[in-house]
1. Using the heavy atoms of the protein chains alone and a 1.4 angstrom probe, what is the accessible area of the stretch 46-133 per residue in square angstrom?
2. With a cut-off of 8 Å between alpha carbons and a minimum separation of six or more residues, what is the relative contact order of the stretch 76-228 in percent?
3. Using a simple spin-label model with points 7 Å from Cα along the Cα→Cβ vector, what separation in nm is obtained for VAL97 and SER200?
4. For the stretch 79-143, max minus min Cα coordinate along each principal axis, in Å, sorted largest first?
5. At q = 0.10, 0.13, 0.15, 0.18 Å⁻¹, work out log10 I(q)/I(0) for the stretch 102-228 with the Debye formula, treating every Cα as an identical point scatterer and leaving solvent out; two decimals please.
6. Return the distance in nm (one decimal) between the two label points of a simple spin-label model at GLU39 and ALA145, each offset 7 Å from Cα along Cα→Cβ.
7. Taking θ as phi - 60°, what are the ³J(HN,Hα) couplings along the stretch 110-121 by the Karplus curve (6.51, -1.76, 1.60), each to the nearest whole Hz, with x for Gly and Pro?
8. In the stretch 55-183, what percent of the accessible surface is made up of carbon and sulfur (1.4 Å probe, ligands and nucleic acids excluded)?
Amino acid sequence: MNTGRMKQMLLALAVSVVLPMSSLNAAGEPAELDADTVEYDMSTGLVSASGDVLMKQGASRVSGVKASYNAKTKQGIVEGNVIAVRDDARLTCDRIVLDGEEHLSASGNVQGSQGDHHFSGEQADYYPNQGKYLVMPAGGTLTSADGTFTANRLEGWLDDAHYVGTGNAHVISPPRNLEAGGDRMDYYGRDQSQVVVTGSAWAVQDNNTMKSNRLTIYLAKDGQAGVK
């Protein structure tokens, strides 16, 4: 049995779990795998670890009750009080499933953070090769220093800083003294810096209330907001 080979396969899972939250790459850094038991099937390429599993490589740490990874299919699972950390990025949940290099799914009390950004929900799916697309189909909450965004379904394209909430979309921004809601809410970051609310849309700012089928909120860099 090649212990080094097993470490590299499970570490591939560990790094894949954490890297979606960070642009840093742990390739070439020292790897370490600790667990009560480890099994490796050379015919299938499946390696399994159970009992206080801890996978480490560089700044990446992933722990759980059990983990498995198939080097041939690039599919893996980490289960049981999962904690994944890299630098200031942290993800906790009950279960993480890696479906090749195209899809990662976290489920069961998902809590993620990086810097002052935080998200929570029952499920989060991540597609790194689709503009870093993140979707929370059962809804959830996104929070940052600017405020809190909730909806029955949340999704976002991280490369474009475009986030969408569908169904009971609601945002509260204390720094802007703003609260708004509607059936759907599109947040555009970067150069556009605006929020478009559609379907029974409403917004309250400085005790002024506006209602419409469509409202556009322009976000200024000085922390102010204008509603149209």
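The values are calculated or read from the model by the stated rules, or taken from the named source; none is laboratory data. Owing to the predicted nature of the structure, the values given are computational and were not obtained by experimental measurement. Heads up, the Cβs are rebuilt from the backbone with ideal geometry, glycines too, and the neighbour counts pull from every protein chain shown. All accessible areas refer to the heavy atoms of the entire protein, side chains included, with ligands and DNA or RNA removed. Shrake-Rupley method; radii C 1.70, N 1.55, O 1.52, S 1.80 Å.
1. Per residue, the stretch 46-133 has 45 Å² of solvent-accessible surface.
2. Contact order relative to length: 11 percent.
3. 3.3
4. For the stretch 79-143, the Cα extents along the three principal axes come out at 27, 27, 26 Å.
5. -0.30, -0.51, -0.67, -0.95
6. According to this spin-label approximation, the distance is 5.0 nm.
7. 6, 9, x, 8, 8, x, 8, 9, 9, 9, 8, x
8. Carbon and sulfur atoms account for 48 percent of the accessible area of the stretch 55-183.
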